[in-house]
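To start, the structure itself, in structure tokens.
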Amino acid sequence: QVQLVESGGGLVQTGGSLSLSCAVSGRTFSSVRMGWFRQAPGKEREFVALISRNGGTYYADSVKGRFTISRDNAKNTVYLKMNNLKPEDTAVYYCAADVHDSSSLSADAMEYWGKGTLVTVSS
């Protein structure tokens with residue numbers, strides 16, 4: 001199995017930047033497809049970004065050009081760099097893993113989840 005621990009959430013002003021990290025353990029990291037999802041108050045969990053084990057990336061339209069997902073296999077860590085943050089980005093951000101390398105961007109395809117880290121963007 002896979003254990004995921006997010007870090008880096010906090011309070012930032014509109015237009016600011018924040019970087020999230022997700023430490024992965026319990027399985028060969030290079031074989032795991034990783035994604036970031038978020039859930040705002042009163043809303044459903046939504047896809048944010050995904051990176052395959054080979055480095056291919058996908059982004060939600062709402063964050064394209066502002067967020068960047070990356071992975072460091074040597075450190076068993078996935079990152080989400082968030083720039084030009086907006087109040088609409090306020091949410092709990094979750095790191096997730098798909099050990100079967102599915103092509104789906106749905107949250108249902110992710111088998112393991114972190115506990116989440118809160119990002120609050122104020123104005």
> When residues of the stretch 79-123 are filtered for being aliphatic (A, V, I, L, M), over 20 Å from Gly56 (Cβ atoms) and either in a loop (DSSP other than H, G, I, E, B) or open to solvent by 20 Å² or more (accessible area, probe 1.4 Å) (or both), how many remain?
Replying inline: 3
>> Here is a list: Asn54, Asn83. Which entry is touching a Leu at 6+ places or on another chain (Cβ under 9 Å) and among the polar types (S, T, N, Q)?
In response: Asn83
>> One residue is enough: does the stretch 51-64 have a residue meeting the conditions of a type outside the set (D, E, K, R), touching a residue at least 60 places away in the same chain (Cβ under 8 Å) and touching a Lys or Arg at 6+ places or on another chain (Cβ under 6 Å)?
In response: no
> How many residues does the stretch 3-25 contain that are over 19 Å from Asn84 (Cα atoms) and surrounded by fewer than 20 Cβ atoms within 10 Å (Cβ to Cβ)?
Replying inline: 5
> Which ones in the stretch 83-108 are among the hydrophobic types (A, V, I, L, M, F, W, C) and either out of contact with any Lys or Arg (no Cβ under 7 Å at 6 or more places or on another chain) or within 12 Å of Ser52 (Cα to Cα) (or both)?
Replying inline: Leu85, Cys95, Ala96, Ala97, Val99, Leu105
> Which of the residues spanning the stretch 47-69 are open to solvent by 60 Å² or more (accessible area, probe 1.4 Å) and among the aromatic types (Phe, Trp, Tyr)?
Replying inline: Tyr58
>> Looking at the stretch 26-46 only, could you name the residues that are touching a strand residue (DSSP E or B) at 6+ places or on another chain (Cβ under 6 Å), modelled with pLDDT under 95 and open to solvent by less than 30 Å² (accessible area, probe 1.4 Å)?
In response: Val32, Arg33, Met34
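The values are calculated or read from the model by the stated rules, or taken from the named source; none is laboratory data. What you see is a predicted model; the values in this text were computed from it and never measured. Here Cβ is always computed from backbone atoms with ideal geometry, including for glycine, and neighbour counts include all displayed protein chains. These area figures cover heavy atoms from the full protein model, side chains too; ligands, DNA and RNA do not enter into them. Shrake-Rupley method; radii C 1.70, N 1.55, O 1.52, S 1.80 Å.
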